[in-house]
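Structure first, then comments.
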Amino acid sequence: MNKDLKILICGGAGYIGSTFCYYLKKKGYNPIILDNLSKGHKEYVMDFEFYNYDIGDYTSILNLIKKLKVDIVFHFSAFIEVGESVKDPIKYYENNTAKTINLLRACIDGGTKYFIFSSTAAVYGIPEKFPILEEFPSNPINPYGRSKSMVEQILQDLDMASLIKSVSLRYFNASGALPSLETGEAHNPETHIIPRILDVIIGKSDYFTIYGDDYPTLDGTCIRDYIHVVDLAEAHFLAMEYLLNGGKTEIFNLGSENGYSVKQIIESVEKITKKKVDFKIGKRREGDPPILIASSKKINEVLGWKANYRLDDIIQTSYLWHQKLNNR
Ligand SMILES: NC(=O)c1ccc[n+]([C@@H]2O[C@H](COP(=O)([O-])OP(=O)(O)OC[C@H]3O[C@@H](n4cnc5c(N)ncnc54)[C@H](O)[C@@H]3O)[C@@H](O)[C@H]2O)c1
């Protein structure tokens, strides 16, 4: 692929978007970052070309797309807290759905035909079978999942109208950090399990709370599919090649096909850090499915992608990153 491609990364100052920018840079590309820094980090932007815009700002984005002649847009920008989305649904529908419509309109009017969308396993709600296939019904159980599912539907309509070709990637639990540690997970508030367990390890929290240990799983705690952020980045790259080479609009799961319970994650953190994790058992959270494990068959067959990083790599890189982050 042409190294002069104009690749616009919306949400590129966040965890996954910034990791993808570094991944692209290592491959010789020069991504352009657009982020309103509502949740992102200016230091992740480093020497990338950067625009401090909101994706709702149609005019600025249209002008940018026209000026740069953007070839493809990656859309990582969203609010991501499920619990907050239940309390304040408008915030999520506005930022994740309505503003995405603005962004898509700017793409169409500016002449950008290719779009890669960060979707989520939350679109499945509580699936009945495992592993989860893309053809299972979208049945999200919270506004966050619905805000993403609506965008997937809009993207299907834009494809039908021959306006935009897209790939929607339904991430399972994104985790880990770039091994070179330029960037990593730093959400505020942090709701994700691995950084929260690591907070106990580095002494930032006294204990970790497990939300329920009476689920129908091997040890009673919820099972999730953890995927290393560099594996995620690689899938985005393959999705870009696929679209630019004439691939059709598609939706793919992005998971490892392996499930680990919360207690297994704790054990793995203890093994790698050689420290004890104090934990307490709390109440179940509303709407937490007992098990979420992806099938990666489709993305493997169509894009040739498979997860390379194992759980130990995820914990190891997260730990190193977490130490770096907290020593700043
Ligand atoms: N982290 C996960 O495990 C996970 C799982 C499934 C899906 N996703 C999706 O992946 C994407 C990236 O997640 P992340 O963990 O990197 O989140 P993040 O919060 O670290 O990054 C999101 C970035 O988008 C920016 N942003 C938000 N709203 C914006 C707006 N209106 N205009 C411009 N910029 C805006 C934020 O400032 C931030 O830099 C999100 O769309 C999320 O829904 C993440």
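No value in this document is a laboratory result; all are computed from the given coordinates. On a predicted model such as this, the values are computed, not experimentally measured, just so you know. A quick note on method: Cβ atoms are made from the backbone with ideal geometry, for glycine too, and the neighbour counts reach across all protein chains shown.
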Choice from D47, D231, D109 with maximal GNM fluctuation in the chain (Cα, 10 Å cutoff): D47
Selection from S18, S168, N139, by position along the positive dipole direction of the chain (Cβ): S18
Long-range amide H partners of I132 with built H, under 5 Å: I293, A294, S295
Three-way shape call for segment 113-184 based on the alpha-carbon gyration tensor, with the a/c threshold at 1.5: oblate
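Exposure proxy check: K297, K165 ranked by fewest other beta carbons within 10 Å?
Values: K297 14, K165 20.
With the sparsest Cβ surroundings first, the list reads K297, K165.
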Theoretical ellipticity at 222 nm over the chain - DSSP helices of four or more residues, -39500 (n - 2.57) apiece, nearest 500: -11500 deg cm²/dmol
Segment 1-126, relative contact order in percent, only Cα pairs under 8 angstrom and at least six apart counted: 27
Whichever lysines have a C-alpha closer than 18 Å to that of K67, once near sequence neighbours (fewer than 8 apart) are set aside: K6, K113
For segment 68-74, 3J(HN,Hα) per residue [Karplus equation, 6.51 cos²θ - 1.76 cosθ + 1.60, θ = phi - 60°, Hz, x = Gly/Pro]: 7, 6, 5, 8, 8, 10, 9
Exposure proxy ranking, count of Cβ atoms within 10 Å, fewest first, for I126, I227, I108: I126, I108, I227
Net lengthening on full extension, Q153/K324 (0.36 nm per residue, minus Cα-Cα): 57.6 nm
Rounded if a/c under 1.5, otherwise prolate or oblate - segment 1-68, Cα gyration tensor axes: oblate
Rounded to 5, the percent of DSSP beta bridges in the chain classed as antiparallel: 5
Using a Förster distance of 30 Å, the FRET efficiency for K25-F136 (Cβ separation, nearest 0.05): 0.25
Under 13 Å from the L218 label point (7 Å along Cα→beta-carbon), backbone N, segment 253-287: 258-268
Cα centroid of segment 82-128 to Cα centroid of segment 218-275, whole Å: 20
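Place a +1 charge on the Cβ of each Lys and Arg in the chain and a -1 charge on the Cβ of each Asp and Glu, then give the dipole magnitude about the Cα centre in debye, rounded to the nearest 20.
Numbers: 39 positive and 41 negative charges, 88 e Å.
Computed about the Cα centre, the dipole is about 420 debye.
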Dipole magnitude (debye, nearest 20) for segment 162-302, charges at Cβ of Lys, Arg, Asp, Glu: 140
Sparse-neighbour loop sites [chymotrypsin sites (Phe, Trp or Tyr not before Pro); segment 75-136; at most 10 other C-beta within 10 Å; DSSP]: none
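Quick one: dipole size for segment 77-172, taken about the Cα centre, charges +1 on Lys/Arg Cβ and -1 on Asp/Glu Cβ, in debye to the nearest 20.
On the way: 10 positive and 11 negative charges, 28 e Å.
Dipole magnitude for segment 77-172 comes out near 140 debye.
Among E185, E135, rank each residue by its count of other Cβ atoms within 10 Å, from fewest to most, as a rough exposure measure. All intermediate terms of the calculation are to be shown ahead of the outcome.
Numbers: E185 23, E135 8.
If I rank by nearby Cβ atoms, fewest first, I get E135, E185.
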Gyration tensor verdict on segment 261-328 (Cα atoms; rounded if a/c is under 1.5, prolate if a/b is larger than b/c, oblate otherwise): oblate
The chain - percent relative contact order, Cα under 8 Å, separation 6 or more: 18
